Amino acid sequence: MAEPSTPEPTPHDVARPDRPERRESRFGDIADELTAAVYEAERETGDRETSIEEVRRSLAMRGVRMVGGFVLIGIGVSLLVLPGPGWIMIIIGLSLLPFAWAERTIRTIRRKVPGVPEDGTIPARTWVVIGIVTVGAIVISFLFGEQIGSWIGDAWSSLWD
């Protein structure tokens, strides 16, 4: 007669060095299931953390990136109607998110920007031009900001006189 085979251990059965016994409460089971799910996800993606501290640090960083990404997307959406770089903030926020749909959205946005190639990469010369224009605007505002302000103020007041 064949002996019954022992089932393969599931990720839920993996012993954790920091918690040798399983908790009997509902929250302990949830924590154990979440921890097991993280281990399983790491096995599937090929990224392997060697300790529980690394798993926790990885999860914390993912959480911070997600919150930061969604906050930046919200700010970017508000900057679409307010003065500011709305689309840039949205792209930065999307780039922080660890989701495939975020990457697809970034590619879609980049394809619609004139001068950006179909693959979505921004050429180095474009970054150089953006940097030169930004530095130039900052230098001009520091050197001539007061004069420009007075010119605008005089022009504005002359409209109403």
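The values are calculated or read from the model by the stated rules, or taken from the named source; none is laboratory data. Worth saying up front: this structure is predicted, and the values here are computed from it rather than measured. Cβ: placed from backbone, ideal geometry, glycine included. Neighbour counts: every protein chain shown. SASA here: full protein model, heavy atoms, side chains in, ligands and nucleic acids out. Shrake-Rupley method; radii C 1.70, N 1.55, O 1.52, S 1.80 Å.
Things worth noting here:
- Pair list, Cβ under 8 Å, 6 or more apart: segment 95-106 residue in a helix (DSSP H, G or I), other residue of a type in the set (D, E, K, R) and surrounded by 13 or more Cβ atoms within 10 Å (Cβ to Cβ): LEU96/ARG65
- Applying the criterion of being modelled with pLDDT of 85 or more and polar (S, T, N, Q) to the residues of segment 135-161, the residue that is surrounded by the most Cβ atoms within 10 Å (Cβ to Cβ) is SER141.
- Annotation note: Cβ proximity below 9 Å between a residue of segment 120-137 that is under 23 Å from ARG107 (Cβ atoms) and a residue that is hydroxyl-bearing (Ser, Thr, Tyr) and open to solvent by 80 Å² or more (accessible area, probe 1.4 Å) (sequence gap 6+ or interchain) occurs for no pair.
- A single entry from ILE132, ILE88 fulfils the requirement of being among the aliphatic types (A, V, I, L, M), closer than 30 Å to SER58 by Cα, open to solvent by 80 Å² or more (accessible area, probe 1.4 Å) and assigned to a helix (DSSP H, G or I): ILE88.
- Which numbered condition PRO9 misses (of (1) at pLDDT below 75; (2) open to solvent by 90 Å² or more (accessible area, probe 1.4 Å); (3) part of a helix (DSSP H, G or I); (4) of a type outside the set (Gly, Ala, Ser)): (3)
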